[in-house]
Amino acid sequence: MNIRTNPQETTGTWRLGDLTVNRVGFGAMRLTGTEPFGGVPRDRERSIGVLRRAVELGVNHIDTAAFYFSATRSANELINRALAPYPDDLVITTKVWPARDPSGAWWWADPEQLRGQVEENLRQLGRDHLDVVNLRVPPSRRNGSIAEHFGALAELREAGLIRHLGVSNVTSGQLTEALAIAPVVCVQNPYGIGAASEDRALLRRCGELGIAFVPFFAIAGSGREAGPAPGADEEVRAVARAHGATPAQIRLAWTLHQGPHVLAIPGTGDPDHLAQNVAAGALRLSEEEMARLG
């Protein structure tokens, strides 16, 4: 399959508030180690090269977080080193609420601690404001209120530290709660082939509202941080063979076919996988293939 050097030519764009991004972006989580949040650190120069190559391939939307780090690598620091001074059209999205202490142990911020997390991202990225900040909701709060935390981020947006706000790992009710406080430009939730009916409904609602829907684990599915489970679904493999593509590319293409408001942020530390992910934006699946995969 031919690799297009600009995803915009094949997948189009979407707007995060007043920021226009190509629909195929890049997730920075896997830059820091062979295993997310640990493992053997990846080669620093290779990770820097992957980031620079992503921009060369037309990626202008990078998803990151201050808690993406291993013993000797920080995703934000790698982004800063690779891409600063940043291209004018580059949009960097980060997320707050979860955090990790220097030992790697997880903790969750109180509303008044979110400013510190925002400022940490600013320092690491070398910026005076953040393009988009997602409030990442912990699993334990999936059915609880996010108003206090989202309200704290809305205040930081008013103060000029944040340009736009998003929410992550939320329910439809929590999206409604956030919208009553401040504009929301994106919803970042797990989503892929086999998604539950409530997840599909939230994706459709975002489209109706003009809000970007940004799936994570679109390739890994239920494997999440560990990656896709061995033995990918046979239907996915069959469609991949028909297109001369990989199963991962088919999963990405299927995701992008869910609507023009759906953005992809596949992550990798491998330059070959990066090229394959970008090329997935050029795949066109038939209605029959979409039905098989659905």
Give me the residue from the stretch 277-294 that is in contact (Cβ under 8 Å) with a residue 24 or more places away in the chain, over 17 Å from the mean Cα position of the chain (by Cα) and part of a helix (DSSP H, G or I) and, out of that set, nearest to H61 (Cα to Cα).
A279
Filtering strands (runs of 3 or more DSSP E) wholly in the stretch 86-200 for at least 1 residues that are crowded, with 18+ Cβ neighbours inside 10 Å gives 91-96, 98-100, 130-136, 162-168, 186-188
Cβ-Cβ below 8 Å, separation at least six or inter-chain, first residue in the stretch 105-133 and among the acidic types (D, E), second assigned to a helix (DSSP H, G or I): which pairs?
E112/A152; D128/L122
Only one of (1) on the phi > 0 side of the Ramachandran plot; (2) in contact with a strand residue (DSSP E or B) (Cβ under 6 Å, 6 or more places away or on another chain) does not apply to G12, and that is (2)
Taking the stretch 9-40 and the residues there that are surrounded by fewer than 17 Cβ atoms within 10 Å (Cβ to Cβ), not in a strand (DSSP E or B) and not hydroxyl-bearing (S, T, Y), the one that is modelled with the highest pLDDT would be D18
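Conditions (1) over 21 Å from the mean Cα position of the chain (by Cα); (2) closer than 25 Å to D89 by Cα; (3) not aliphatic (A, V, I, L, M), marked per residue:
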residue: A105; (1), (2), (3): yes, no, no
residue: L114; (1), (2), (3): no, no, no
residue: Q117; (1), (2), (3): no, yes, yes
residue: L125; (1), (2), (3): no, yes, no
residue: D131; (1), (2), (3): no, yes, yes
residue: N134; (1), (2), (3): no, yes, yes
residue: V137; (1), (2), (3): no, no, no
residue: I146; (1), (2), (3): no, no, no
Just checking, does the stretch 219-232 include any residue being out of contact with any Pro (no Cβ under 6 Å at 6 or more places or on another chain), of a type outside the set (D, E), at pLDDT 95 or above and surrounded by 13 or more Cβ atoms within 10 Å (Cβ to Cβ)?
no
Can you list residue pairs whose Cβ atoms sit under 6 Å apart, with the first residue in the stretch 256-274 being in contact (Cβ under 8 Å) with a residue 12 or more places away in the chain and at positive phi and the second being surrounded by fewer than 21 Cβ atoms within 10 Å (Cβ to Cβ) and not aliphatic (A, V, I, L, M)? Count only pairs 6 or more apart in sequence or on different chains.
G259/G207
I need the full set of residues from the stretch 165-198 which are touching a residue at least 60 places away in the same chain (Cβ under 8 Å) and within 10 Å of N134 (Cβ to Cβ), in order please.
G166, S168, V185, C186, Q188
Among the residues of the stretch 140-155, is any closer than 26 Å to P41 by Cβ and either modelled with pLDDT under 95 or β-branched (V, I, T) (or both)?
no
Take the stretch 67-85 and flag every residue that is over 14 Å from the mean Cα position of the chain (by Cα) and either part of a strand (DSSP E or B) or of a type in the set (G, A, S) (or both).
F69, S70, A71, S74, A82, A84
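The values are calculated or read from the model by the stated rules, or taken from the named source; none is laboratory data. Keep in mind that what you see is a predicted model, and the values were worked out from it rather than measured. So basically every Cβ, Gly included, is an ideal-geometry build from the backbone, and we count neighbours across all protein chains shown.
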